[in-house]
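We did not get these values from a lab; they are worked out from the coordinates using the rules stated. This structure is a prediction, so every number in the text was calculated from the model and none was measured. Cβ placement follows ideal geometry from the backbone for every residue including glycine, while neighbour counts extend to all protein chains displayed.
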């Protein structure tokens with residue numbers, strides 16, 4: 001009986017202090033500035049991309065109506081399979097020329113390991129930019145101002 005209690009304690013201890021359990025989440029404030037494009041408000045998806053280029057996690061979605069998520073063709077392929085819970089990580093879409101400030105968490109164990117943040121943007125009856133902005137998750141790059149290639153003018157992250 002004493003041995004069973006010890007094994008149970010060791011098992012619980014290892015679960016509580018496993019690398020995943022003690023992973024540090026760092027909060028980042030994200031300032032996103034849009035270009036002055038013509039068209040409706042943009043939807044933007046912020047994803048964590050693994051070193052092989054695969055989607056690992058959705059960090060934030062700017063755009064509340066799920067019916068338009070299929071416009072993000074690449075992201076939606078993974079999202080539709082994973083059935084990821086987006087509650088608490090969605091916000092308003094963003095208009096041309098506007099600025100948005102949001103906050104999301106990034107697992108610090110992903111820094112300097114080949115991961116990226118990808119910002120995809122789409123506007124109804126307009127273009128879809130799979131890699132509008134990509135930011136390498138390195139200590140040097142993560143807080144630099146990064147220019148966009150589509151509807152996003154630039155993104156700037158600050159650790160809070």
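Mean-square fluctuation check for the chain, GNM, Cα pairs under 10 Å: which of 59, 117, 86 is largest?
86
Describe numerically, in nm with one decimal, the distance between label points set 7 Å from Cα along Cα→Cβ at residue 74 and at residue 147.
2.0
Running a GNM on the chain with Cα contacts under 10 Å, which residue among 35, 58, 139 ends up with the highest mean-square fluctuation?
Sorting by GNM fluctuation, first place goes to 139.
Taking N as the number of residues in the stretch 46-140, what value does Rg over Cα atoms divided by 2.2 N^0.38 Å take?
So the stretch 46-140 has a normalised radius of gyration of 1.07.
Treat the count of other C-beta atoms within 10 Å as a stand-in for reagent exposure and order 37, 43 from fewest to most.
Lowest count first: 37, 43.
What's the percent breakdown of Cα-Cα distances in the stretch 23-68 across 10 Å bins, shortest bin first?
18, 43, 32, 7, 0
Go ahead and set up a Gaussian network model of the chain, Cα springs under 10 Å, then flag whichever of 107, 125, 98 fluctuates most.
Comparing 107, 125, 98 in the GNM, the peak value goes to 125.
Of all the Cα-Cα pairs you can form in the stretch 97-160, what percent are over 18 Å apart? Can you show the working numbers first?
On the way: 778 of 2016 pairs.
When all Cα pairs of the stretch 97-160 are counted, 39 percent exceed 18 Å.
Please arrange 52, 159 by how many other C-beta atoms lie within 10 Å of their C-beta, fewest to most.
52, 159
Averaged across orientations, what area in nm² does the convex hull of the alpha carbons in the chain project?
Taking the Cα atoms of the chain, their convex hull projects to 11.3 nm² on average.
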